[in-house]
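Undergrad: First the structure, which I've put down as structure tokens, then a few questions once you've had a look.
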Amino acid sequence: MVDPHVLVIFGASGDLNTRKLVPAVFELYKFGLLPDKFAFLGASRTDMTDEEFRQRLIYDNEHLDTSNATQEQIDDYAKMLYYADISDYANPEDLKIVRGRLEEIDEKHGTPGNYIFYLSTPPSLYDKIPAALAEVGLNNPKGGGWSRLIVEKPFGYDTESAEKLNDKIQEYFDEDDIYRIDHYLGKETVQNLLVTRFANGFFEPLWNRNYVHSIQITAAETVGVGSRGGYYDDSGALRDMVQNHLLQVLAHVAMEPPIGPDAKSIRDEKLKLFRSLRPIEGDDIAKNVVRGQYVSAKTEAGLQNGYLEEEGVPKDSKTETYVAIKCYIDNWRWAGVPIYIRTGKHMPMKLTEVVITFTNPPQRIFAEMDDEALSCDNRLIIRITPKEGMALEFGMKVPGEGFRVKNVDMDFFYQDLTQGDVPEAYERLLLDAMKGDPTLYARGDSVVAAWKFVDGILEGWKNNPDIPVHDYPAGSWGPQAATDLWDNCEECSWRNPAEAVFENDKYSLL
Ligand code: BG6
């Protein structure tokens, strides 16, 4: 049940609104998930009328999926969109313009003064806009309406700034009304990790140090930093991907069973998990963390720039476009189990996956018959993207003489569970914020706990500039040093799928 409300986007002329937010709300509209009284107000510094905003975001927006929509639906949706042209997001005078437009919209659409404010602006404004909203009373609307705040990433730059930002925002909004977005939490397969683990009886007994050899999480991207060099150089892969997305994925893989499916129970367990991560500090940084930077190379798509040749990147930058980490969770369940996390730009394929490698049988009675039987065969591969699903790998006897063992897999495609497409992360997350359900949003304390883990590594890099930034050719799986993190376990190293195979619209990663 979603209350009637107005969704307000600050930074509405930006890329995120065009590519993700307006299209996601359109999907909710098409599926009848919006309340019957609803409107969308964009606010930004571009000079536009309502009509121009609708033209740009609806009729000229290639990201809007109109393939299964009628013209009437498109026009109806367009009529819900409004625009406020402001020059300074942090100035209460400008927010009075927003308030004026909201009053007008409430009157016209019958929305009763319930608002969601979505901050899709430069992060330097994240603490200022809530203060300005409070100045004009929009954090606490008159007439008993509610007001919620969605904050885009990055939430802080390090532990200290994240703590300050929490404090600042919490001056004006209750923690329950603050929604820190991490779009990985909106991905169906990330949520499905919880269902896989806690709705089935047979995974959980194996899900611990007694049966799990290692866990690896990979988020590989084929693209380089493109035109985002300026932003990225200040961030780097550790801040951009690990602090938020990949630690959140790890939390879903490794947390203890929550006592229920509610926001508090799940978020309490995630916090506990972040707190159990063993800090990587001092000499351990060089041993357990590998950073890299892509250099120019030829890929299928042609000759690629190296990171230092990208627009907006200083020629002597040491910012990492790749990072691989070996870490440990110091609790009873995971003591001694190595966790490997890596992410990089300009890798051979776009892929996010989790691989749980199970321990070998205590005795290899078929080992002499076939070399394959020597490796770590039993793996559960959870594909977060693309082609969401999971595969369980195990050894089977090859028909015929002797005992030849071959690795086979049982592969499940998430798509098979639904008639249509798997919903986009932003659809799910926006709908949850509309419903007032923060389960899939990051809580202030766990954002800080995740920063604490990452900060130790950032500090180490800052204090020891001699820790190498390894080159890796654009289009490769990253520096060799990352493979060395696996010590002498050659068979159980990173899973680098060689190629993607599509058959009858099915897909598997070799
Ligand atoms: C964003 C990062 O949060 O996530 C980007 O800032 C990255 O650098 C993107 O490309 C990856 O998201 P996804 O959903 O494509 O894996």
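Undergrad: Need one word for the stretch 58-203: rounded, prolate or oblate. Basis is the Cα gyration tensor (sqrt eigenvalues a ≥ b ≥ c); a/c below 1.5 gives rounded, then a/b vs b/c decides.
TA: oblate
Undergrad: Once Rh is set to the Kirkwood radius over Cα pairs, what Stokes-Einstein translational diffusion coefficient, in µm²/s, holds for the stretch 300-454 at a temperature of 10 °C and a viscosity of 1.306 mPa s?
TA: It diffuses with D of about 77 µm²/s by this estimate.
Undergrad: Kindly give the semi-axes, whole Å and largest first, of the ellipsoid equivalent to the stretch 82-154, taking each as the square root of 5 times a Cα gyration tensor eigenvalue.
TA: They are 20, 13, 11 Å, listed largest first.
Undergrad: Another question, if that's okay. Among all lysine pairs in the stretch 115-243 that are eight or more places apart or on different chains, how many have alpha carbons less than 27 angstrom apart?
TA: 8
Undergrad: Between K164 and T483, what FRET efficiency comes out of the Förster formula 1/(1 + (r/R0)^6) with R0 = 35 Å and r the beta carbon distance, rounded to 0.05?
TA: Calculated transfer efficiency: 0.35.
Undergrad: Wrap a convex hull around the Cα atoms of the stretch 33-72, take a quarter of its surface area, and give that in square nanometres.
TA: Its average projected convex-hull area is 4.0 nm².
Undergrad: Quick check: the distance between the Cα centres of the stretch 236-307 and the stretch 376-406, to the nearest angstrom?
TA: 26
Undergrad: Just grab the label-to-label distance for D283 and S67, each label 7 Å out from Cα along the Cβ direction, in nm (one decimal).
TA: The two pseudo-label positions are separated by 5.7 nm.
Undergrad: Per-residue HN-Hα couplings for the stretch 316-329, Karplus 6.51 cos²θ - 1.76 cosθ + 1.60 at θ = phi - 60°, whole Hz, x for Gly and Pro?
TA: With coefficients 6.51, -1.76 and 1.60, one gets 10, 4, 10, 5, 7, 9, 9, 8, 10, 10, 10, 9, 9, 10 Hz.
Undergrad: Which value in nm describes the separation of the simple spin-label points at L417 and E107, placed 7 Å from the Cα toward the beta carbon?
TA: 4.7
Undergrad: Give me the dipole magnitude in Debye, nearest 20, for the stretch 144-190 about the Cα centre, with unit charges on the beta carbon: positive for Lys and Arg, negative for Asp and Glu.
TA: The calculation lands at about 220 debye.
Undergrad: Assuming 0.36 nm per residue, please report the length gained on full extension of the stretch K128 to D409 beyond their Cα-Cα distance.
TA: 96.0 nm is the gain from fully extending K128 to D409.
Undergrad: What do you get for the angle between helix 188-198 and the principal long axis of the chain? Use alpha-carbon atoms, 0 to 90 degrees, nearest ten.
TA: 60
Undergrad: Still on this structure, I have one more. What chymotrypsin sites (Phe, Trp or Tyr not before Pro) in the stretch 269-374 are in a loop by DSSP, with at most 10 other Cβ atoms within 10 Å of the Cβ?
TA: W332
Undergrad: Among 395-402, 208-215, what's the highest-first ranking by average C-beta atoms within 10 angstrom per residue?
TA: Highest to lowest by the protection proxy: 208-215, 395-402.
Undergrad: For the chain, with the dipole built from +1 on Lys and Arg beta-carbon atoms and -1 on Asp and Glu ones, taken about the Cα centre, which of V223, L485, Y115 lies farthest toward the positive end?
TA: L485
Undergrad: Just want the answer: with Cβ charges of +1 for Lys and Arg and -1 for Asp and Glu, which residue in P438, L28, P257 is farthest toward the dipole's positive end in the chain?
TA: P257
Undergrad: Scan around Q304 for amide H atoms under 5 Å from its own, H built in the peptide plane at 1.01 Å from N, and keep only partners 5 or more places away or cross-chain.
TA: HN-HN under 5 Å from Q304: A297, K298, T299.
Undergrad: Give, in whole angstrom and from largest to smallest, the semi-axes √(5λ) of the equivalent ellipsoid of the chain, with λ running over the eigenvalues of the Cα gyration tensor.
TA: 42, 26, 23
Undergrad: Given +1 on the Cβ of Lys and Arg, -1 on the Cβ of Asp and Glu, and no further charges, what dipole in debye does the chain carry about its Cα centre, rounded to the nearest 20?
TA: Charge dipole, the chain, about its Cα centre: 820 debye, nearest 20.
Undergrad: Also, I was wondering about something else. Highest mean first, what order results for 442-450, 125-133 on Cβ atoms within 10 Å?
TA: Packing proxy ranking, top to bottom: 442-450, 125-133.
Undergrad: Which FRET efficiency value, to the nearest 0.05, is calculated for E135 and D330 with the Förster distance at 41 angstrom and r the Cβ-Cβ distance?
TA: The formula returns an efficiency of 0.35 here.
Undergrad: Counting other Cβ atoms within 10 Å, keep those with at most 13, restrict to DSSP loop, and tell me which GluC sites (Glu not before Pro) in the stretch 280-381 are left.
TA: Taking the stretch 280-381 and a limit of 13 other Cβ atoms within 10 Å, the loop GluC sites (Glu not before Pro) found are E281, E300, E311, E368.
Undergrad: Using a Förster distance of 56 Å, how high is the FRET efficiency between E309 and I259, based on the Cβ-Cβ distance and rounded to 0.05?
TA: Once the sixth-power term is evaluated, E becomes 0.60.
Undergrad: Continuing with this model, one more query. Given Cα pairs under 8 Å that are at least 6 residues apart, what percent is the relative contact order of the stretch 1-108?
TA: 32
Undergrad: Work out from phi, with θ = phi - 60° and the Karplus expression 6.51 cos²θ - 1.76 cosθ + 1.60, the ³J(HN,Hα) of each residue of the stretch 428-438, listed in order in whole Hz, and give x for Gly and Pro.
TA: 4, 5, 5, 4, 4, 5, 5, 7, x, 10, x
Undergrad: A follow-up question, please. Quick one: pull the percentage of alpha-carbon pairs in the stretch 184-303 with a separation above 23 Å.
TA: Within the stretch 184-303, distances greater than 23 Å cover 46 percent of Cα pairs.
Undergrad: Please state the shape class of the stretch 377-457: rounded when a/c is under 1.5, otherwise prolate if a/b exceeds b/c and oblate if not, all from the C-alpha gyration tensor.
TA: oblate
Undergrad: If you place +1 on the Cβ of every Lys and Arg and -1 on the Cβ of every Asp and Glu, how big does the dipole about the Cα centre of the stretch 317-455 come out, in debye to the nearest 20?
TA: Computed about the Cα centre, the dipole is about 420 debye.
Undergrad: Here's something else I'd like to know. Below 8 Å, C-alpha to C-alpha, sequence gap of six or more: please give me the relative contact order for the chain in percent.
TA: Once divided by the residue count of the chain, the mean separation gives 16 percent.
Undergrad: GluC sites (Glu not before Pro), restricted to the stretch 23-87: which are DSSP loop and have at most 12 other Cβ atoms within 10 Å?
TA: E62
Any read-out appearing in this document is the output of simple, stated calculations on the displayed coordinates, not a laboratory observation. This is a predicted model, so every value here is computed, not measured. Neighbour counts run over all protein chains shown; Cβ positions are idealised from the backbone, glycine included.
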